[in-house]
Amino acid sequence: MASASFVKLNASSSSSPWTGQRSFNQRSGSSSAVRVSVIRAGSYSEELVKTAKTIASPGRGILAIDESNATCGKRLASIGLDNTEANRQAYRQLLLTTPGLGQYISGSILFEETLFQSTTDGKKMVDCLREQNIVPGIKVDKGLVPLPGSNNESWCQGLDGLASRSAEYYKQGARFAKWRTVVSIPCGPSALAVKEAAWGLARYAAISQDNGLVPIVEPEILLDGDHSIETTLEVAERVWAEVFYYLAENNVMFEGILLKPSMVTPGADHKEKADPETIAKYTLTMLKRRVPPAVPGIMFLSGGQSEMEATLNLHAMNQSPNPWHVSFSYARALQNSVLKAWQGRPENVEVAQKALLARAKANSLAQLGKYSAEGESEDAKKGMFVKGYTY
């Protein structure tokens, strides 16, 4: 497959004819030398663009079921089930074999166990997705660890061996990847933590594209704290500016990525809650200031919001046209009702799948700007924020 190339010119004494900003880097003592760097996504460039556009298709979003075995165990424990491979398989099989899911879901992020797993009938989980035109994805990071020299902050590990792992994931059928790092407002965030988050995301994105996987770029700004929505906006703009700087430095092709940002909201402990219109206003302001229109899709995380909150906020952001596909990549905000309906009982599989379809349809309508909260259950209104939540 032919590779696509994008030329980037930099010079310090001249303005770019496209942006009117200084974009050329002169060598000392020279008035005309120009440094040219070529942005490539390798032999997969056309496929990456196609994959990203498929995921960012109208009325569809991402079902995230990439929880680690430990976190999945907590979900299962909430309905009285042991954390065994058989129970994890049963639950994820329930989700991925839901009839009609592909009408509302365009991609599903899997944990490594699920990517290589089959159903109890022997069908590969990835084939269950493909049959419904749902793109299989894979969580590739190795989790958060303390960041030395920071203000009690963390960094995301997993770059070692990522290229070879990504190649194996591609062979197994994955076509996009996810790497989640976090930024904590109560902890600063420190310049060190922001730079580490941005650099790690950029290296991961470049390695993913080089191996045929569309990278989801996710610097989650945690809800923890009592800060205002204005503070969240300020931090989000700072984080995303750093992220895109390092994405460009690593020659990542923007047309072949997807973003998974947090919505711009007040901290979970802030005295005043923001309504969906306010959250939409602040979030879209941040995105328009920081995200190039070349990026195909913005797939929001729910971050502990209630099922209904996450849907209402997404709906509010789609009341007027946006430069990108604005949609969802939800885990808890799609699964909470499903778990409660299932309760680990085979006879409840059908009703649990209907619960998943109902939530997926609600968010599909929100992506199209046509959602109504009329008839939502009380459970859907309950918040799911957990302080210090980990995957």
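The values are calculated or read from the model by the stated rules, or taken from the named source; none is laboratory data. This is a predicted model, so every value here is computed, not measured. Glycine also receives a Cβ, built like all others from the backbone with ideal geometry; neighbour counts cover every protein chain displayed. Accessible surface areas use protein heavy atoms only, side chains included; no ligands, DNA or RNA. Shrake-Rupley method; radii C 1.70, N 1.55, O 1.52, S 1.80 Å.
One table, with the values for the structure above:
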read-out	value
Odd one out for residue 83 among (1) open to solvent by 60 Å² or more (accessible area, probe 1.4 Å); (2) out of contact with any helix residue (DSSP H, G or I) (no Cβ under 6 Å at 6 or more places or on another chain)	(2)
Only one of 242, 237, 255, 277 that is assigned to a helix (DSSP H, G or I) and under 16 Å from residue 216 (Cβ atoms)	255
Residue satisfying all of: in segment 168-188; outside any strand (DSSP E or B) and aromatic (Phe, Trp, Tyr); nearest to residue 225 (Cα to Cα) among these	169
Matching residues in segment 199-211 - criterion: being open to solvent by 10 Å² or more (accessible area, probe 1.4 Å) and either without any contact (Cβ under 8 Å) to a residue 12 or more places away in the chain or of a type outside the set (Gly, Ala, Ser) (or both)	199, 203, 207, 210, 211
Residue among 366, 373, 341 that is modelled with pLDDT of 95 or more and farther than 19 Å from residue 260 by Cα	341
Any hit, segment 254-265, residues being more than 17 Å from the chain's Cα centre (by Cα) and not β-branched (Val, Ile, Thr)	no
Some residue of segment 284-303 being in a loop (DSSP other than H, G, I, E, B), within 14 Å of the chain's Cα centre (by Cα) and among the β-branched types (Val, Ile, Thr)	yes
Test result for residue 196, within 22 Å of residue 143 (Cβ to Cβ), touching a residue at least 40 places away in the same chain (Cβ under 8 Å), of a type outside the set (A, V, I, L, M, F, W, C) and outside any helix (DSSP H, G or I)	no
Selection status of residue 225, buried (at least 17 other Cβ atoms within 10 Å of the Cβ) and within 23 Å of residue 65 (Cβ to Cβ)	no
Residues being at pLDDT 95 or above and surrounded by fewer than 21 Cβ atoms within 10 Å (Cβ to Cβ) - total across segment 255-273	1
Flag for residue 56 being of a type in the set (Gly, Ala, Ser), out of contact with any helix residue (DSSP H, G or I) (no Cβ under 6 Å at 6 or more places or on another chain) and open to solvent by 30 Å² or more (accessible area, probe 1.4 Å)	no
Exclusive hit being open to solvent by less than 30 Å² (accessible area, probe 1.4 Å) and either closer than 18 Å to residue 175 by Cα or among the basic types (Lys, Arg) (or both), set 243, 214, 239	214
Near pairs, Cβ below 8 angstrom, 6+ apart or cross-chain, from segment 115-138 (closer than 19 Å to residue 166 by Cα and β-branched (Val, Ile, Thr)) to any residue that is open to solvent by 40 Å² or more (accessible area, probe 1.4 Å) and in a strand (DSSP E or B)	none
Top-ranked residue of segment 311-367 - restricted to ones that are touching a Gly at 6+ places or on another chain (Cβ under 9 Å) and assigned to a loop (DSSP other than H, G, I, E, B), ranked as surrounded by the fewest Cβ atoms within 10 Å (Cβ to Cβ)	320
Residue list for segment 142-156, restricted to those being surrounded by 12 or more Cβ atoms within 10 Å (Cβ to Cβ) and either in contact with a Leu (Cβ under 6 Å, 6 or more places away or on another chain) or free of Cβ contacts under 8 Å to residues at least 12 places away in the same chain (or both)	150, 153, 154, 155, 156
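Yes/no matrix, rows are residues, columns are (1) of a type in the set (Gly, Ala, Ser); (2) in contact with a Pro (Cβ under 9 Å, 6 or more places away or on another chain); (3) closer than 25 Å to residue 178 by Cα:
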{"residue": "261", "(1), (2), (3)": "no, yes, yes"}
{"residue": "289", "(1), (2), (3)": "no, no, yes"}
{"residue": "293", "(1), (2), (3)": "no, yes, yes"}
{"residue": "299", "(1), (2), (3)": "no, yes, yes"}
{"residue": "307", "(1), (2), (3)": "no, no, yes"}
{"residue": "347", "(1), (2), (3)": "no, no, no"}
{"residue": "367", "(1), (2), (3)": "no, yes, yes"}
{"residue": "370", "(1), (2), (3)": "no, no, no"}
